[in-house]
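For reference, the structure is listed below as structure tokens.
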Amino acid sequence: DCASAACPTDVPSGVTAAPQCALQTTTGDKRCALICSASDKWSDLRAGDAQCGTGSCQPIQGTGVCTYADSRLPESTAFVKVSILPEVATPEANQTHYGDPANGCEADEEAVQVQGVSGKFCSP
């Protein structure tokens, strides 16, 4: 929960998107995500793809979030549903935080999926 601690800054190789406390679960917990675009314009999202390494920049409530395709996920993977925080909406082998859940999440992370957005990611 990033309401009480800063978001970890170790990101997967090739990722330049900034970790931010940007999501909220249905139970009110705040979660970190990699923000790749300050808008949901198609051109900004495609430019944001370059910030996501092997992921892609997906739109959610006016903001781009790095996610990974869900085609390689184990069937047993459980996900936490989240939405973007209002204040954010306005403006591999060596796993790191914010990685692809198909590779496993860190001990202090959960696999999350933003409601209405394709793809998933690990969030502290």
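Out of the residues in the range 74-102 meeting the condition of being at pLDDT 70 or above and in a loop (DSSP other than H, G, I, E, B), tell me which one is surrounded by the most Cβ atoms within 10 Å (Cβ to Cβ).
Among residues in the range 74-102 that are at pLDDT 70 or above and in a loop (DSSP other than H, G, I, E, B), the one surrounded by the most Cβ atoms within 10 Å (Cβ to Cβ) is 98.
Please enumerate the residues belonging to the range 16-25 that are of a type outside the set (Gly, Ala, Ser) and either at pLDDT 95 or above or more than 10 Å from residue 98 (Cα to Cα) (or both).
Matches in the range 16-25: 16, 20, 21, 23, 24, 25.
The values are calculated or read from the model by the stated rules, or taken from the named source; none is laboratory data. A quick note: this is a predicted structure, and the numbers were derived from the prediction, not measured. Note that each Cβ is placed from the backbone with ideal geometry, even for glycine, and that neighbours are counted across all protein chains shown.
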